[in-house]
Amino acid sequence: MVDITIPKWGLTMDEAVVSAWLVKVGDVVGEGDELAEIETDKAVNVLESPASGTVVEIVQVEGASVQQGDVIGRIEQG
């Protein structure tokens with residue numbers, strides 16, 4: 001199982017918001033595929049998949065406030 005986590009975008013990023021999920025549970029994704037749009041105080045960033053596999057869990061729903069390192073979803077490899 002691979003965690004989908006929030007990276008640090010910029011030196012001043014403290015908090016972000018999951019603005020939109022671009023995938024749903026059950027979707028098969030490849031490493032580097034776009035998973036979600038994450039809004040910081042300066043921009044909307046696209047979060048890419050850290051691994052290939054199937055999205056098995058979405059932990060943080062759209063509109064949720066998140067911080068760097070937070071797990072927002074999980075991918076099962078294979």
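The values are calculated or read from the model by the stated rules, or taken from the named source; none is laboratory data. This one's a predicted model, so the numbers in the text were calculated from it and none came from an experiment. Cβ atoms come from the backbone with ideal geometry, glycine included; neighbour counts cover every protein chain shown. Calculation scope for accessible area: heavy atoms of the full protein, side chains included, ligands and nucleic acids excluded. Shrake-Rupley method; radii C 1.70, N 1.55, O 1.52, S 1.80 Å.
Points worth noting:
- Electrostatic bookkeeping for E15 treats Lys and Arg as +1 and Asp and Glu as -1; over the other residues with beta carbon under 15 Å from its beta carbon, the sum is -2.
- Cα gyration tensor, the chain - rounded (a/c under 1.5), prolate or oblate: prolate
- Accessible area (Å², per residue) of the chain, counting only protein heavy atoms and a probe of 1.4 Å: 56 Å²
- Charge tally for I75 (other residues, Cβ to Cβ under 9 Å; Lys, Arg +1; Asp, Glu -1): -2.
- Sequence-separation-based contact order of the chain, relative, with Cα cut under 8 Å and 6+ spacing, percent: 42 percent
- Accessible surface of region 26-78, 1.4 Å probe: 38 percent of it comes from carbon and sulfur atoms.
- The S19 and Q77 beta-carbon pair, evaluated with R₀ = 25 Å, returns a calculated FRET efficiency of approximately 0.40.
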